[in-house]
Amino acid sequence: QKEVEQNSGPLSVPEGAIASLNCTYSDRGSQSFFWYRQYSGKSPELIMFIYSNGDKEDGRFTAQLNKASQYVSLLIRDSQPSDSATYLCAVNPSSGGYQKVTFGIGTKLQVIP
Amino acid sequence: DTEVTQTPKHLVMGMTNKKSLKCEQHMGHRAMYWYKQKAKKPPELMFVYSYEKLSINESVPSRFSPECPNSSLLNLHLHALQPEDSALYLCASSQGRLNTEAFFGQGTRLTVV
């Protein structure tokens, strides 16, 4: 079983719709969770960071964490063509002062104008 | 300011060359990381420095040699690389405390010929 699982996609949504990206993880003791957006040929850009159960909202982005079910999701409201990218879920199992994150394979999102 | 600066942006080197990648951050972060990313794959952790000490070496071949001269700088020395080492090399930094996020630099695109 992979430590962090994501559907590689592509996930296609029409412009203006809600895109829902999902990620499951195997280490029940994982501490913090990240969503990075990566455009082709570029470096990952942090979009959301969550470590408490529940929802965290930042603009059009909402991260949802359910530690009991071991999943974290990212919702993108009012999707724009510029949101087309690969979204990497990263999980940090470490309880220490640095991260030893494991990345999922990433979900490719295509927003259709 | 969440900027991590990497130089150079692109590097082409022969298999007998010695080169270095550089990374700098001025956010006061105490943990710094090197990742390697191949096309269509997630980033793979190579090294972690925590408070200027090497904390993690993910069994990286000795032709890659990390160095942390001070809390703001991280180098990756390259020697006798192979063509399969061609990849995007990413530096990241974080505060070095539990439940904090890591920010990536723009990356160095390395080609070994």
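Observations on the model:
- Qualifying positions in the stretch A:62-102 - in contact (Cβ under 8 Å) with a residue 12 or more places away in the chain and within 20 Å of B:G96 (Cβ to Cβ): A:A90, A:V91, A:N92, A:P93, A:S94, A:S95, A:Q99, A:V101, A:T102
A quick yes/no check of all residues on (1) touching a Gly at 6+ places or on another chain (Cβ under 6 Å); (2) modelled with pLDDT under 95; (3) farther than 27 Å from B:V4 by Cα:
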| residue | (1), (2), (3) |
| --- | --- |
| A:Q31 | no, yes, no |
| A:G41 | no, yes, no |
| A:F49 | no, yes, no |
| A:D55 | no, no, yes |
| A:A63 | no, no, no |
| A:N66 | no, no, yes |
| A:V72 | no, no, no |
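- The stretch B:14-50: number of residues that are in a strand (DSSP E or B) and not aliphatic (A, V, I, L, M): 16
- Within the stretch B:2-26, restricting attention to residues that are touching a Leu at 6+ places or on another chain (Cβ under 6 Å) and under 23 Å from B:Q95 (Cβ atoms), the residue that is farthest from the other protein chains (Cβ to nearest Cβ) is B:E24.
- Residues of the stretch A:29-51 satisfying the condition of being farther than 17 Å from A:T107 by Cβ, in contact (Cβ under 8 Å) with a residue 12 or more places away in the chain, in a loop (DSSP other than H, G, I, E, B) and in contact with a strand residue (DSSP E or B) (Cβ under 7 Å, 6 or more places away or on another chain): A:S30, A:Q31, A:Y51
- Note on the stretch B:1-17: residues that are in contact with a strand residue (DSSP E or B) (Cβ under 7 Å, 6 or more places away or on another chain), surrounded by fewer than 12 Cβ atoms within 10 Å (Cβ to Cβ) and either acidic (D, E) or within 20 Å of B:R63 (Cα to Cα) (or both) amount to 1.
- For the stretch B:70-82, the criterion of being farther than 22 Å from A:A90 by Cα, within 12 Å of chain A (Cβ to nearest Cβ) and surrounded by fewer than 14 Cβ atoms within 10 Å (Cβ to Cβ) is satisfied by no residue at all.
- Looking only at residues in the stretch B:83-99 that are touching a residue at least 40 places away in the same chain (Cβ under 8 Å) and among the aliphatic types (A, V, I, L, M), the one that is nearest to the other protein chains (Cβ to nearest Cβ) is B:L90.
- For A:A90, the requirement of being surrounded by fewer than 22 Cβ atoms within 10 Å (Cβ to Cβ), under 16 Å from the mean Cα position of the chain (by Cα) and within 14 Å of chain B (Cβ to nearest Cβ) is not met.
- Any hit, the stretch B:100-111, residues being within 14 Å of another protein chain (Cβ to nearest Cβ), surrounded by 15 or more Cβ atoms within 10 Å (Cβ to Cβ), β-branched (V, I, T) and without any contact (Cβ under 8 Å) to a residue 60 or more places away in the chain: yes
- Qualifying residue in the stretch A:5-16 (condition: part of a loop (DSSP other than H, G, I, E, B), within 30 Å of B:H10 (Cα to Cα) and at pLDDT below 95): yes
- Qualifying positions in the stretch A:53-86 - of a type outside the set (A, V, I, L, M, F, W, C) and assigned to a strand (DSSP E or B): A:G54, A:D55, A:K56, A:E57, A:D58, A:T62, A:Q64, A:N66, A:Y71, A:S73, A:T86
The values are calculated or read from the model by the stated rules, or taken from the named source; none is laboratory data. Quick caveat: nothing in here was measured; it's all calculated off a predicted structure. Glycine also receives a Cβ, built like all others from the backbone with ideal geometry; neighbour counts cover every protein chain displayed.
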